[in-house]
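**Student:** Here it is, the structure, as structure tokens.
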Amino acid sequence: MYEMLMAMNITDDEMYSTYRRAMTPVLHAHGGSFGYDCKVSEVLISETPEPFNRVFTIRFPDEATKDTFFSHPEYLQIKAQYFTASVADITLIAAYRK
């Protein structure tokens, strides 16, 4: 399994929730899923200047499947419609094989 620990600065929670609802079936069709998902109220230490208020893990069977998912036309359409307008910053904290 390939997993990524992500941090994001969500600026429109309602639109981001719509993004998640729309993209989850595509994610599941690629064998992907979310592990942890947390809303963050205070960041004490960060290695990046970008703020974040959401931390989660997203996992796939392998790295190739992750790449296929993130380049899938249906996912890209959903991302353009909802993600871009609701997320200001994205930080990949870690990526690893489990």
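**Student:** Quick one: would you say I78 is touching a Gly at 6+ places or on another chain (Cβ under 9 Å), free of Cβ contacts under 8 Å to residues at least 60 places away in the same chain and not acidic (D, E)?
**Tutor:** When the stated conditions are applied, I78 does not pass them.
**Student:** Determine, yes or no, whether T65 is assigned to a helix (DSSP H, G or I), touching a His at 6+ places or on another chain (Cβ under 6 Å) and at pLDDT 95 or above. First the steps, then the outcome.
**Tutor:** Numbers: assigned to a helix (DSSP H, G or I): yes; touching a His at 6+ places or on another chain (Cβ under 6 Å): yes; at pLDDT 95 or above: yes.
Answer is yes for this residue.
**Student:** Return a yes/no flag: does the range 48-65 have any residue that is under 18 Å from R97 (Cα atoms), without any contact (Cβ under 8 Å) to a residue 12 or more places away in the chain and not charged (D, E, K, R).
**Tutor:** First pass over the range 48-65, keeping only residues under 18 Å from R97 (Cα atoms): 56-65.
Restricting the remaining residues to those that are without any contact (Cβ under 8 Å) to a residue 12 or more places away in the chain gives 64.
Then drop every residue that is not not charged (D, E, K, R), which leaves 64.
Yes, the range 48-65 contains at least one residue that is under 18 Å from R97 (Cα atoms), without any contact (Cβ under 8 Å) to a residue 12 or more places away in the chain and not charged (D, E, K, R).
**Student:** Find all pairs meeting these conditions: Cβ atoms under 7 angstrom apart; at least six residues apart or on different chains; first residue within the range 8-21 and closer than 12 Å to K79 by Cβ and among the basic types (K, R); second residue modelled with pLDDT of 95 or more and in a helix (DSSP H, G or I).
**Tutor:** none
**Student:** Quick check on my filter: what residues within the range 68-90 are out of contact with any helix residue (DSSP H, G or I) (no Cβ under 8 Å at 6 or more places or on another chain), β-branched (V, I, T) and closer than 25 Å to E47 by Cβ?
**Tutor:** T84, I90
**Student:** Oh, and also: Would you pick out the residues in the range 44-65 that are more than 17 Å from A22 (Cα to Cα) and surrounded by 14 or more Cβ atoms within 10 Å (Cβ to Cβ)?
**Tutor:** Looking only at the range 44-65, we keep the residues that are more than 17 Å from A22 (Cα to Cα), and these are 44-57, 59-65.
P51, F52, N53, R54, V55, F56, T57, R59, F60, T65 - these are the residues of the range 44-65 that are more than 17 Å from A22 (Cα to Cα) and surrounded by 14 or more Cβ atoms within 10 Å (Cβ to Cβ).
**Student:** Being outside any strand (DSSP E or B), of a type in the set (S, T, N, Q) and surrounded by 11 or more Cβ atoms within 10 Å (Cβ to Cβ) is the filter here, so list the residues in the range 17-43 that pass it.
**Tutor:** Filtering the range 17-43 down to residues outside any strand (DSSP E or B) leaves 17-32, 40-43.
This time we only want the ones that are of a type in the set (S, T, N, Q), so: 17-18, 24, 41.
Once the filter is applied, which keeps residues that are outside any strand (DSSP E or B), of a type in the set (S, T, N, Q) and surrounded by 11 or more Cβ atoms within 10 Å (Cβ to Cβ), the range 17-43 yields S17, T18, T24.
**Student:** Just to be sure before I move on: is T48 hydroxyl-bearing (S, T, Y) and either assigned to a strand (DSSP E or B) or touching a His at 6+ places or on another chain (Cβ under 8 Å) (or both) in the structure I sent? Show your work before the answer.
**Tutor:** Working: hydroxyl-bearing (S, T, Y): yes; either assigned to a strand (DSSP E or B) or touching a His at 6+ places or on another chain (Cβ under 8 Å) (or both): no.
Here the answer is no, as T48 does not meet what is asked.
The values are calculated or read from the model by the stated rules, or taken from the named source; none is laboratory data. This is a predicted model, so every value here is computed, not measured. So basically every Cβ, Gly included, is an ideal-geometry build from the backbone, and we count neighbours across all protein chains shown.
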